[in-house]
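Structure record follows, encoded as structure tokens.
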Amino acid sequence: MVSGNNNSMKYREASSADLPVINKILECNKLPFEDCEEHIGNFFVVEEEGKFFGLGGLQICGAIGLVRSIVVVPEYRGRGIARGIYKLIEDRARDLGIDSLYLLTDTAEEYFLKLGFSVKDRNEIPASVTKTKQFRGLCPSSANVMFREISGKGR
């Protein structure tokens, strides 16, 4: 189990039992949730005494990772929770031998630019990403595609 702390909040790997709450949080934030069950083994949640404060995940696409729906409930934003979730996702990706991450967003481009991502042209996306349900329809075609290389040591 992966864990970390932000005060008494617990960062941990998600389980199938968390799916109803994960799906509800994503749906309430207008984020794709329809295929989370397929990737639950690489999702993380932040909770305290059963109350969820945030979540995010990783979808494996061969040697590439697709960052999935990092979200923090509105009243807890600005406390570094999303950054903690992203760190767990990046660490998991590295552990799996993934050397680059992609994501789709239409609301958080500025946030991900601060994390070292850059905007990528949709025509330059590897087939392993374009074949995902996220790319093919769960995310709007207007969503920006972002990319970050993570293979460097010491990051």
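The values are calculated or read from the model by the stated rules, or taken from the named source; none is laboratory data. Only a predicted model underlies this, so the values are computations on that prediction, with no experimental measurement involved. Neighbour counts are summed over all protein chains in view; Cβ atoms, including those assigned to glycine, are modelled from backbone coordinates with ideal geometry. The accessibility values were calculated without ligands, DNA or RNA, using every heavy atom of the protein model including side chains. Shrake-Rupley method; radii C 1.70, N 1.55, O 1.52, S 1.80 Å.
Principal-axis analysis of the Cα atoms of the chain puts helix 19-28 at an angle of about 70° to the longest axis. Rounded to 0.05, the FRET efficiency of the residue 49 and residue 100 pair, given R0 = 35 Å and the Cβ-Cβ distance, is 0.45.
At a probe radius of 1.4 angstrom, the accessible area of the chain per residue rounds to 52 square angstrom. Between residue 21 and residue 120, residue separation times 0.36 nm minus the direct Cα-Cα distance comes to 32.5 nm.
As a fraction of the 1.4 Å probe accessible area of the chain, surface on carbon and sulfur atoms comes out at 48 percent. Each of residue 127 and residue 83 was given a label point 7 Å from its Cα along the Cα-to-Cβ line. The distance between the two points is 4.0 nm.
Over all orientations, the range 30-70 has a Cα convex hull whose mean projected area works out to 3.3 square nanometres. Peptides 61-69, 122-130 ordered by packing proxy, namely the average of other Cβ atoms within 10 Å per residue, highest first: 61-69, 122-130. Rounded to the nearest 10 degrees, what's the angle between the helix 81-95 long axis and the longest principal axis of the chain, both from Cα atoms, 0 to 90? Orientation of helix 81-95: about 60 degrees from the principal axis. Of the cross-linked pairs 10/131; 30/120; 24/114, which ones have a Cα-Cα span greater than 25 Å in the structure shown? In this structure, 10/131; 24/114 lie more than 25 Å apart at Cα. Note on residue 10 and residue 73: their simple-model spin labels are 1.6 nm apart, each label 7 Å out from Cα toward Cβ.
A cut-off of 5 Å between modelled amide H atoms, ignoring neighbours fewer than 5 places along the same chain, links residue 33 with no other residue. Each eigenvalue of the Cα gyration tensor of the range 1-125, multiplied by 5 and square-rooted, gives one semi-axis; in descending order these are 22, 16, 15 Å. Computed with the Debye formula from one identical point scatterer per Cα of the range 53-96, without solvent, the log10 of I(q)/I(0) at q = 0.15 Å⁻¹ comes to -0.37.
Given Cα pairs under 8 Å that are at least 6 residues apart, what percent is the relative contact order of the range 31-155? Averaging sequence separation for qualifying contacts and normalising by length gives 25 percent for the range 31-155. Each peptide among 102-110, 40-48 gets the average number of other Cβ atoms lying within 10 Å of its residues, and from highest to lowest they stand as 40-48, 102-110.
Over the range 20-61, Cα pairs under 8 Å with separation of 6+ residues give a relative contact order of 30 percent. From the alpha carbon centroid of the range 21-58 to that of the range 60-124 is 14 Å. Against the criterion of solvent-accessible heavy-atom surface with a 1.4 angstrom probe, 113, 19 sort, most first, into 113, 19.
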